[in-house]
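To keep things clear, I will list the structure first and then write my remarks on it.
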Amino acid sequence: MSGWVGATAAALQPLIDALASDVMASGTLHVDDTPIPVLAPGAGKTKTGRLWTYVRDERPLGGARPPAALFFYSPDRKGEHPRAHLKDFRGVIHADGYAGFNELFAGNAIVEAGCWAHVRRKFFDVHAAIGSPIAKEALDRIGQLYGIEDTIKGLSPDHRRRERQQRSQPIAKALANWADETRPKLSRKSDLAGAFRYMRAR
């Protein structure tokens with residue numbers, strides 16, 4: 001069975017290379033990683049590897065190219081892996097705050113776009129766990145930004161930029177001001193304070 005899998009992987013390598021070239025030629029990518037259990041022969045247990053995901057989806061942006069996803073495996077979460085995967089990429093990546101991405105942004109060939117979904121998730125987790133009204137307010141404020149994005153989906157980049165500057169920017173500034181007023185009132189060790197720190201750092 002291992003031989004079959006190996007032979008299949010070798011036969012599909014040209015397709016993988018073509019997919020990688022196509023995805024990495026995009027101007028914008030969504031980037032994330034996820035843990036995956038991997039057998040550790042001789043240890044009697046599994047170890048944790050990573051699946052790195054690179055997604056192009058231009059549909060909300062009115063783009064013409066079809067969506068595509070590229071996956072790479074690594075045995076650990078070292079920053080050298082995304083740096084190797086993205087060595088020829090030039091453009092914008094939407095990502096979480098993983099420090100391993102930081103070197104990608106140093107040369108200005110790759111621009112970081114902070115991910116609201118990762119910010120929102122931290123507040124969602126706090127609200128789901130303890131029903132925090134402050135976390136609920138953060139979710140509602142972020143939801144206003146999501147609502148604007150829903151109305152401009154598929155429009156031209158210039159149109160979306162204008163709408164964001166006129167409608168989203170005031171909401172984002174108000175959210176930042178509210179966060180800066182609220183965070184000092186919270187215990188620094190709380191998950192809610194951590195969610196605010198993560199948001200403001202991004």
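The values are calculated or read from the model by the stated rules, or taken from the named source; none is laboratory data. Since this is a predicted model, take the numbers as computed values, not measurements. Cβ atoms come from the backbone with ideal geometry, glycine included; neighbour counts cover every protein chain shown. These area figures cover heavy atoms from the full protein model, side chains too; ligands, DNA and RNA do not enter into them. Shrake-Rupley method; radii C 1.70, N 1.55, O 1.52, S 1.80 Å.
Quick notes
- On Cα atoms only, tilt of 2-24 relative to the major axis of the chain in degrees: 50 degrees
- The mean sequence distance of close C-alpha pairs (under 8 Å, at least 6 residues apart), as a share of the length of the chain, puts its relative contact order at 16 percent.
- Global geometry of segment 54-193, whether rounded, prolate or oblate, following the gyration tensor of its Cα atoms and the 1.5 cut on a/c: oblate
- Beta bridge orientation in segment 1-132: antiparallel %, DSSP, nearest 5: 70 percent
- Across q = 0.13 Å⁻¹, segment 14-70 modelled as identical point scatterers on its alpha-carbon atoms has Debye log10 I(q)/I(0) values of -0.47, in the order of the q list.
- Apolar share of the accessible surface for segment 84-202: 50 percent from carbon plus sulfur atoms, 1.4 Å probe.
- The Cα center of segment 145-202 and the Cα center of segment 1-41 differ in position by 34 Å.
- Lysines whose Cα lies under 16 Å from that of LYS78, excluding same-chain neighbours fewer than 8 positions away: LYS47, LYS87
- By the helix-only formula, in which each DSSP H run with n ≥ 4 contributes -39500 (n - 2.57) and the sum is divided by residues, the chain has a 222 nm mean residue ellipticity of -15500 deg cm²/dmol.
- When the surface is traced with a 1.4 Å probe over the full set of protein chains, GLU112 keeps roughly 70 Å² accessible.
- Lys, Arg +1 and Asp, Glu -1 on Cβ, resulting dipole of segment 62-131 about Cα centre, debye, nearest 20: 140 debye
- With all protein chains kept in place, the per residue accessible area of segment 92-155 amounts to 53 square angstrom at a probe of 1.4 angstrom.
- Calculated Rg and Dmax of segment 115-202 using C-alpha coordinates, Å: 13.9, 43
- Taking every DSSP bridge with both residues inside segment 53-202, close to 45 percent are antiparallel.
- The magnitude of the dipole of segment 43-188, with charges of +1 and -1 set on the Cβ of Lys/Arg and Asp/Glu and taken from the Cα centre, is near 200 debye.
- Candidate lysines for bridging to LYS189, where Cα separation is under 26 Å - those fewer than 8 sequence places away on the same chain excluded: LYS122, LYS136, LYS173
- Taking HIS30, HIS81 and ordering them by how much accessible surface each has at a 1.4 Å probe, largest first, produces HIS30, HIS81.
- On Cα atoms only, tilt of 116-130 relative to the major axis of the chain in degrees: 70 degrees
- On segment 1-65, 66 percent of the accessible area sits on carbon and sulfur atoms, based on a 1.4 Å probe.
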